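Before any comments, here is the structure.
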Amino acid sequence: MNRREFLRLMGMAGAAGMLPASAFAARKAPADLYEVPHFGNLRMLHITDTHAQLQPVYFREPNVNLGIGAALGKAPHLVGDNLLKHFNLPTGGIESHAYTYLNFVEAAKTYGKVGGFAHLATLVKQLRAQAPGGNSLLLDGGDTWQGSGTAYKTRGRDMVDACNLLGVDIMTGHWEFTYKDSEILDNIKAFNGEFLGQNVQVKEEAVFDGAPVYDEDTGHAFKPYTIKEMNGLRVAVIGQCFPYTPIANPQRFIPNWSFGIRDDAMQSLVDKIRAEEKPDLVTVLSHNGMDVDLKMASKVSGIDVIFGGHTHDGMPAPTRVKNPGGQTLVTNAGSNGKFVGVMDFDVRDGKLQGYQYRLLPVFSNILPADAEMSAYIEKVRAPYLDWLNEELGTAEQVLYRRGNFNGTFDQIICDALRKVHDAQVSLSPGFRWGTSVLPGQTITMENVLDQTCITYPETYRREMSGADIKLILEDVSDNLFNADPYYQQGGDMVRVGGLDYSCDPTAKMGGRVSDMQLDNGEVIVPDKKYVVAGWATVNSQAPGPDIWDVVADYMRLNKGSVSINKLNTPKLKNIKGNPGLKTL
């Protein structure tokens, strides 16, 4: 069934009074939303950061995504109307809802949920059928095997099989590396496509001890690149895993592997591929994050396009970056299965002559579900439904995460940590993944798992000095706001509970955080001890219960109504007029 046939049937059903209100989202969508006639002679499709979301979800885009220094006022650090204006998109309507937080609740009720692998499969099949000669590549930028209860229970295997069914040709990784190394290798073996990573090495001592290695001469843990023949063209795809995995996540799971940006190695590899493989097009499938990709694109010559992930930036158009060898296009395709990037190339005489790009939102009320994928999802979820479907309460306001500072769901997690662990202050990681819940919607255990489901979920309660708390905030803010993208090593700012502070993102390390005080107004003293609760410790396993059980217990205590009294977001300094900030 093509989309026009689908819309015709929707119209007939609507006239007969057979459809719920949300189904009328299709009528509000542009008629050509999913019609992408091919351009040129090569098509590449790109998904990234789906975070194991097999089912359709609600996902609110950020209203805070600050750009500092050279990134000020540039993509991806634009939100709301500023983003729409930059990309010449209209305010209101389906595109505004897809790319921004604007009028999120009402628009979500109008257009329904996004993503879902069954709906994604329908779109991918349609886009591949439209490709020149029916030939295309489907790239997955990683962060695919983690982020849901079923992925946790199956150790990512549910997503491996889903990606096989979807037809993913090539992938790279980040959160994939938060399983044990043996589990990772088993999943890669089960994956029908190719797993690439030019920037992951097996440590020398591990090679000496007989650890698995892709290439003993180079030390690569995984295949660094592949060449695909399409329509008589040779296409190179290089994999770039998240370079700071052992810093942002536990190295104890992957003790034999080392990571890094390694742009010198990237340049050498590109030069080698150009000289020896004679490709018509050189691409990189990256999990660097968009700011790092932009810097790498300015330093490394010979790359035609970087398909990026990690930072969850749904950018409607590529950014052109000049470098000594010409220019490189940089894209980023959002998260949670919400988008599919479609890039068509006109490649002639061994060079890129032109391109067209669209970032398509995946609306589950508009795209019919693929029957085969639906059956698979139903089967893989069945053993865990009692756990996933437990009703914990009702949301009194929209619950979301994405943004540089505390989202409302983060605040629920922080409040739960303080209450259950009897702590003055709580700390929660600034993860970018995590779905949204609408006001009045029932909160299930699955919603909580979508915010918390990692392989190191244990919580802690310990004493910290005021100086230690400040050091943590300063360290994470430097990872986020360092003017050099190569030093941006993590996600968004650490979330806090019971603590107020000021933040100057433009300051240097050690000078960004000030005015720290408890919720009751008590000033934080550097040499005084405070009881702090948190979770997701990277360097060692914490002793407390899993975070999802802590949050679930807290919600059960509230007897049905789940709300927050205060959002512990900092007072921001020196960011007036920053187009990456919209105060609600």
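No value in this document is a laboratory result; all are computed from the given coordinates. Because the structure is a prediction, the values reported are computed rather than measured. So basically every Cβ, Gly included, is an ideal-geometry build from the backbone, and we count neighbours across all protein chains shown.
A few notes on this one:
- For the stretch 413-508, the alpha-carbon radius of gyration amounts to 1.22 times the rule-of-thumb value 2.2 N^0.38 Å expected for a compact globular protein.
- The average projected area of the stretch 530-575, computed from the convex hull of its Cα atoms over all directions, is 6.0 nm².
- Between R358 and T537, the modelled label-to-label distance comes to 5.1 nm, taking each label 7 Å out from Cα in the direction of the beta carbon.
- Sum of side-chain charges, R556 neighbourhood, beta-carbon under 13 Å (Lys, Arg +1; Asp, Glu -1): -2
- Highest-first arrangement of 162-174, 223-235, where packing means the average Cβ count within 10 Å: 162-174, 223-235
- The chain, helix-only ellipticity at 222 nm - DSSP H runs n ≥ 4, -39,500 (n - 2.57), divided by all residues, nearest 500: -8500 deg cm²/dmol
- The stretch 389-572 - share of DSSP beta bridges that are antiparallel (%, nearest 5): 70 percent
- Extent along principal axes [Cα atoms of the stretch 472-584; Å; largest to smallest]: 43, 35, 32
- Computed packing ranks the peptides 445-453, 106-114, 547-555 as 445-453, 547-555, 106-114, most packed first, by mean other Cβ atoms within 10 Å.
- Sorted from longest to shortest, the spans of the Cα atoms of the stretch 177-313 along the three principal axes equal 40, 29, 27 Å.
- Here is the tail figure for the stretch 389-572: Cα pairs spaced more than 21 Å apart come to 47 percent of all pairs.
- Averaging the sequence gap over all C-alpha pairs within less than 8 Å and six or more residues apart, then dividing by the number of residues, gives the chain a relative contact order of 18 percent.
- Local net charge near T144, Cβ-Cβ under 10 Å (Lys/Arg +1, Asp/Glu -1): -4
- For F222, net neighbour charge (Lys/Arg +1, Asp/Glu -1) across residues whose Cβ lies under 10 Å away: -1
- Structure-derived P(r) over Cα pairs in 10 Å bins from 0, in percent: which label, when the choices are (1) 3, 17, 29, 28, 16, 5, 1, 0; (2) 3, 15, 23, 26, 19, 10, 4, 1, 0; (3) 3, 13, 18, 18, 14, 11, 9, 7, 5, 3, 1, 0: (1)
- Cα convex hull of the stretch 91-208, projected area averaged across orientations, nm²: 10.5 nm²
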